[in-house]
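The values are calculated or read from the model by the stated rules, or taken from the named source; none is laboratory data. In this text, all values refer to a predicted model and were calculated from it rather than measured experimentally. When we count neighbours, we look across all protein chains shown, and the Cβ atoms used for this are built from the backbone with ideal geometry, even at glycine. The protein model used for the area step is the full one, side chains on, heavy atoms only, and it has no ligands, DNA or RNA in it. Shrake-Rupley method; radii C 1.70, N 1.55, O 1.52, S 1.80 Å.
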Amino acid sequence: MGVSGVGKTTIGSQLAQRLAVPFFDADDFHSASNVNKMSKGIALTDIDREPWLESLAHHIVSWSEKGAVLACSALKQTYRDRLVRNIAKKQIAQKIQFVFLKASQSFIRKRLMSRTNHFFNPALLSSQFDILEPPQDAIVIDAQEDIASILQQIQAKLLVTQHIGLIGLGVMGKSLARNFANKNIALSLYNRHLPNKEEQVAQRFIDAYPELADVQGFDHMPSFINSLPKPRMLFLMVAAGAVTDVVLDALIPHLDKGDIVIDGGNAHFQDSARRSKALDKRGIHFFGVGVSGGEQGALYGPAIMPGGALDAYPQIQPIMEAIAAKDAKGKPCCHFVGKGGAGHFVKMIHNGIEYAEMQLITEVYNLLRFHKNMSLDAIANLFEDWNKTHLKSYLLEITVPILRKREAGVPLIDLILDTAAQKGTGSWSTTAALALGQPFDTIASAVMARHISAQKIVRISAQTQYDIAKAHLDTLDVDTLKMAYHCGRLINHAIGFETIKSASRSYQWHSNLSSIAHTWTNGCIIRSQLMEELVGIFDKDAMTHLLLQPTVVAQVKQLYPAFAKAVSEGLKAHASIPTLSAALNYFNGFTTANSSAHLIQAQRDFFGAHTYKRVDKEGNFHTDWTNTEAS
Ligand code: 6PG
């Protein structure tokens with residue numbers, strides 16, 4: 001509701017689309033005589049309006065079953081009362097929610113005057129403001145904001161009507177359940193029943209948190225499903241891989257066409273693509289959704305990367321946006337990334353970037369601590385300072401208290417076994433990049449660094465046998481290292497985003513790099529100042545490689561000498577710095593127009609007659625290489 005020109009039709013129709021309900025415009029329900037009057041510029045009286053309001057009230061009853069959005073000025077309280085009267089009389093439980101789009105007269109005047117080919121009568125507008133009686137019980141929205149934010153605000157306020165079923169109450173599932181409940185989203189929780197191991201998990205969890213007082217807990221699948229209104233919305237938070245398939249197999253027989261399944265686990269993107277296809281055949285909408293931010297993120301707002309059934313996305317969008325982290329302006333860090341397995345692919349690349357970002361910090365720490373003999377406190381102080389600059393990131397931030405942590409006076413870091421574990425997403429991302437033919441140097445090297453760290457026994461033996469002293473690095477100052485770290489991060493992000501671009505092209509996801517960077521500005525593990533800068537860079541130009549974007553070129557030109565120096569000095573000092581050096585190697589290859597790869601082609605042709613292309617003529621060539629003279 002609201003005055004003419006406030007945006008009722010635009011907002012109403014888009015809201016209806018998002019809610020997957022029909023849209024109606026009250027103007028279409030006027031009688032022929034009313035239309036005739038209005039077309040002559042004669043204002044309608046309340047007597048003229050009566051049959052029109054009566055007809056709308058009648059339709060509202062029929063729409064109430066499935067829901068609808070109606071755009072109607074409804075300026076006076078008596079009109080609004082008339083609209084809801086039939087619903088109230090018939091004691092229909094469904095609620096009518098008025099959404100009042102509010103804007104100043106001058107704002108609307110300006111908007112109407114700028115509309116070309118639009119008849120605008122200023123007297124009519126001020127008469128609308130004269131009779132407007134602002135409602136007491138409506139959702140009031142500032143209609144002067146942009147459409148996306150208006151829609152998001154309305155949907156967030158309508159959330160109370162949503163009901164979601166969450167399956168799996170591990171660490172992440174529990175945090176997400178509390179997050180849903182804190183956003184007033186109705187919840188049913190399910191956790192399997194394993195005698196003597198997992199018994200009444202849902203009910204015991206509900207009992208432990210007051211915010212879950214209205215939540216229903218189940219360990220019996222059919223009762224759980226029956227507690228959900230149709231179309232049902234199910235959120236899976238179970239272990240990736242075979243467990244997810246087992247849960248889906250148990251779930252699917254209970255589902256109907258139009259139901260929605262959202263997998264928020266760390267699934268492999270090809271599994272999500274497969275599940276998406278299989279459920280689609282049954283008319284069930286499937287979403288593979290990347291969720292990043294760990295336990296705290298899940299509770300207070302994770303970064304969310306939804307992929308899957310685009311047509312049904314408007315149905316889950318309000319819920320996803322409600323629980324997602326918000327950026328500095330309050331916009332949700334949640335954007336649809338593409339069909340099939342796109343959401344989990346993007347989450348996988350997030351983790352790949354995360355692996356390399358962690359490794360870069362670890363290598364800088366390695367050089368500072370073991371080659372420059374800086375104390376843990378000095379390194380913590382230095383990182384704390386860096387984190388106040390453009391290098392600010394969540395991962396750098398958490399490293400500071402890690403380095404300061406003591407246990408009985410002993411630095412805890414020195415009590416931690418130096419073998420890095422992994423659950424697989426780094427390796428998956430590397431394999432996926434290889435399949436796409438994408439260079440993935442930084443991330444692949446970070447995965448390999450974890451592999452070599454895991455070979456502790458071999459490392460001990462190798463150090464004893466080779467006994468190579470770690471040289472002291474007097475010649476490398478901390479500012480040079482800071483620039484190298486900065487450059488390494490730019491290259492790592494370029495590699496990650498190029499891989500998403502390549503996958504999006506191959507799988508026709510039409511992913512938006514700027515939106516993905518925006519999703520990663522808060523809530524997730526790789527949130528950083530750099531990520532915020534990338535939103536704007538990709539918004540202007542997402543086609544050009546990040547390292548060829550003018551602002552980045554200017555930065556890298558400045559950083560490169562320090563970067564090259566840090567890597568070469570580090571290697572000379574026998575430091576293990578695989579990701580810094582992989583980044584430099586990538587960059588050196590990337591900036592070489594005429595490379596040595598012609599020799600590879602010649603060798604391939606020599607032993608396998610694989611043929612080669614030439615720079616001086618078109619075609620494929622094979623040579624008899626045993627004669628030194630070309631034939
Ligand atoms: C996140 C994290 C999360 C998980 C990592 C850890 O975005 O919230 O990435 O998904 O903690 O995947 O992965 P590893 O165990 O492989 O280091």
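Data for the structure
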| item | result |
| --- | --- |
| Cα gyration tensor shape of region 177-239, rounded if a/c is under 1.5, else prolate or oblate by comparing a/b with b/c | oblate |
| The chain: angle of helix 105-114 to the longest principal axis, Cα-based, in degrees nearest 10 | 80 degrees |
| Per residue accessible area in Å² of the chain, where ligands, DNA and RNA are left out and the probe is 1.4 Å | 50 Å² |
| Antiparallel DSSP beta bridges within the chain, percent to nearest 5 | 30 percent |
| Of all accessible heavy-atom area on region 8-157, the percent that carbon and sulfur account for (1.4 Å) | 54 percent |
| Tensor-based shape of the chain (alpha-carbon gyration tensor, a/c under 1.5 rounded, otherwise prolate or oblate) | prolate |
| Selection of trypsin sites (Lys or Arg not before Pro), region 405-453, meeting DSSP coil and at most 11 other Cβ within 10 Å | Lys423 |
| Close Lys-Lys pairs in region 162-339, where close means Cα under 17 Å and separation is 8 or more or interchain | 8 |
| For the chain, calculated [θ]222 nm from helices alone, where every DSSP H run of n ≥ 4 adds -39500 (n - 2.57) | -16500 deg cm²/dmol |
| Trypsin sites (Lys or Arg not before Pro) lying in DSSP loop within region 463-504, provided at most 16 other Cβ fall within 10 Å | Lys470 |
| Cα-based helix-to-principal-axis angle, 597-608 vs the chain, degrees rounded to 10 | 80 degrees |
| Neighbour net charge for Asn373 - beta-carbon separation under 11 angstrom, K R +1, D E -1 | +2 |
| Chymotrypsin sites (Phe, Trp or Tyr not before Pro) within region 442-534: DSSP coil, no more than 12 neighbouring Cβ in 10 Å | none |
| Mean Cβ neighbour count within 10 Å, used as a protection proxy, ranking 203-209, 137-143 highest first | 137-143, 203-209 |
| Degrees between helix 77-89 axis and first principal axis of the chain (Cα, 0 to 90, nearest 10) | 90 degrees |
| Under 5 Å, built H, 5+ apart or other chain: amide partners of Glu199 | Leu194 |
| Radius 12 Å from Cβ of Thr475, net charge of other residues (Lys, Arg +1; Asp, Glu -1) | 0 |
| Sites excluded, GluC sites (Glu not before Pro) in DSSP loops with at most 13 other C-beta within 10 Å, longest stretch of the chain | 200-617 |
